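The structure under discussion appears below in the form of structure tokens.
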Amino acid sequence: MFGYIAPLIPELKVKEHEAFKGYYCGLCKTIKENYSNTARFMLSYDCAVLSLLLSSLSEDMPTVTEERCVASPLKKKTIIRSEQAKYAAGVNVLLGYGKVKDNAADDKKLSAHMLLLLFSRQFRHASRDYEELSGKFALHLGSLAQLEEQKCDNIDEVSSQFGELLAEVFSLAPFPFMDEGTKKAMYHLGYNLGRWIYVVDAVDDLEKDYKKDRYNVYLQRSFDDINGHRQRIREEAQFNMNYTLYEACKAYELLDIKRDKGLIDNIMYEGLAKKTEDILKGGC
């Protein structure tokens, strides 16, 4: 469930594109500094957007530097760091570990379990840093795993669990600007983005899950042909994706964005819409 929340690059201004890359690299550096080099392999666009959004709500300006890294040893890259990046880094580790754990349960391969063991130390570290949030992860991911084990075929029921998880992620951010109004808007934004991610991921992985005999909420219904089944679920999936994006945008518009608004607008109104279109076409 990673990498779906991102800007529509061709529609960005050059400075906006550079800013997004700067926040992405800044999060990568923050993960290394607060957890480990290994944990950087779990880096996701979704958490880079979280870091960008939280930074945009703060009065404090982020710091901008030019640095080299392992991925770019010769040419310096723009690195944007903010106080909020540390929280996004912790969320990235918690979400990444959840994904690795889910893969280990699905694939039942030794390599998957070795990877789980590799990331367990970083997970414990992030859990200590954000104890309340870690408890929410255990609650909602546990409920989601139980529904999947029961072969639940109700998309609203399973997607709501991931929605509730992201709602907690967005609303529990521990910063002074998170007043009651902001918390409420962030909760609804996170909830609807979480539901959208779950539906998008289920549609995107439909054929792959079918071939690997893994749980997918849409595969719990009877069908004869997987290609025909994709077409049958398309209208329902499109409604769910578009409705949750509409609700997410309503919540986003309640936030007091102080900088990088053009970039975040691109993500919310263009990037997510394009990703929805691509997934529905089966071309992502």
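Rolled with a 1.4 Å probe across the full set of protein chains, the surface gives Leu254 an accessible area near 140 Å². Using a probe of 1.4 angstrom, how much of the accessible area of the chain is carbon and sulfur, in percent? The computed percentage sits at 51. For the stretch 138-143, putting each phi into the Karplus relation 6.51 cos²θ - 1.76 cosθ + 1.60 with θ = phi - 60° gives couplings of 4, 5, 6, 5, x, 5 Hz, in residue order, rounded to whole numbers and with x for Gly and Pro. Positive end of the dipole of the stretch 1-119 (Cβ unit charges, origin at the Cα centre): among Gly90, Gly22, Leu74, the Cα lying farthest that way belongs to Leu74. What shape does the stretch 111-153 take by its C-alpha gyration tensor, where a ≥ b ≥ c are the square roots of the eigenvalues and a/c under 1.5 counts as rounded, a/b above b/c as prolate, and the rest as oblate? Oblate is the answer for the stretch 111-153, as a/c is 1.5 or above yet b/c matches or exceeds a/b. The angle between the Cα long axis of helix 180-204 and the longest principal axis of the Cα atoms of the chain comes to about 50 degrees, rounded to the nearest 10. Within the full protein context, the accessible area of Cys152 is estimated at about 20 Å² for a probe radius of 1.4 Å.
Greater than 29 Å separation of Cα atoms is the criterion. Which listed pairs, Lys211/Lys281; Lys151/Lys183; Lys101/Lys208; Lys77/Lys281; Lys86/Lys151; Lys13/Lys77, meet it?
Lys151/Lys183; Lys77/Lys281; Lys86/Lys151, as the Cα separations exceed 29 Å there.
Backbone phi angles across the stretch 125-132, fed through the Karplus curve with coefficients 6.51, -1.76 and 1.60 (θ = phi - 60°), yield HN-Hα couplings of 4, 5, 5, 6, 5, 10, 4, 5 Hz in residue order; Gly and Pro are listed as x. Taking a quarter of the surface of the Cα convex hull of the stretch 196-268 gives a mean projected area of 6.0 nm². Suppose every Lys and Arg Cβ carries +1 and every Asp and Glu Cβ carries -1, with no other charges. What dipole size does the stretch 184-242 come out with about its Cα centre, to the nearest 20 debye? Around 200 debye, computed over the stretch 184-242. Couplings for the stretch 227-237, taken from phi via the Karplus curve 6.51 cos²θ - 1.76 cosθ + 1.60 with θ = phi - 60°, read 5, x, 5, 4, 5, 5, 8, 4, 5, 5, 5 Hz in order; Gly and Pro are left as x.
The magnitude of the dipole of the chain, with charges of +1 and -1 set on the Cβ of Lys/Arg and Asp/Glu and taken from the Cα centre, is near 1140 debye. Computed across the stretch 25-78, the Kirkwood radius stands at 12.3 Å (inverse of mean 1/r, all Cα pairs). Mind checking the angle between helix 155-171 and the chain's longest principal axis? C-alpha axes, 0 to 90 degrees, to the nearest 10. Approximately 10 degrees, to the nearest 10. Using +1 at the Cβ of each Lys and Arg and -1 at the Cβ of each Asp and Glu in the chain, identify which of Ile155, Thr182, Tyr130 lies farthest towards the dipole's positive end. Checked the options; the winner is Tyr130.
With R₀ fixed at 25 Å, the C-beta to C-beta distance from Lys76 to Leu8 puts the FRET efficiency at about 0.40.
Could you state the accessible area per residue of the stretch 1-67 in Å², with a 1.4 Å probe and every protein chain left in place?
45
The values are calculated or read from the model by the stated rules, or taken from the named source; none is laboratory data. The structure presented is a predicted model; accordingly, all values stated were derived computationally and were not measured. Please note: Cβ atoms are built from the backbone with ideal geometry, for glycine as well, and neighbour counts cover all protein chains shown. The accessibility values were calculated without ligands, DNA or RNA, using every heavy atom of the protein model including side chains. Shrake-Rupley method; radii C 1.70, N 1.55, O 1.52, S 1.80 Å.
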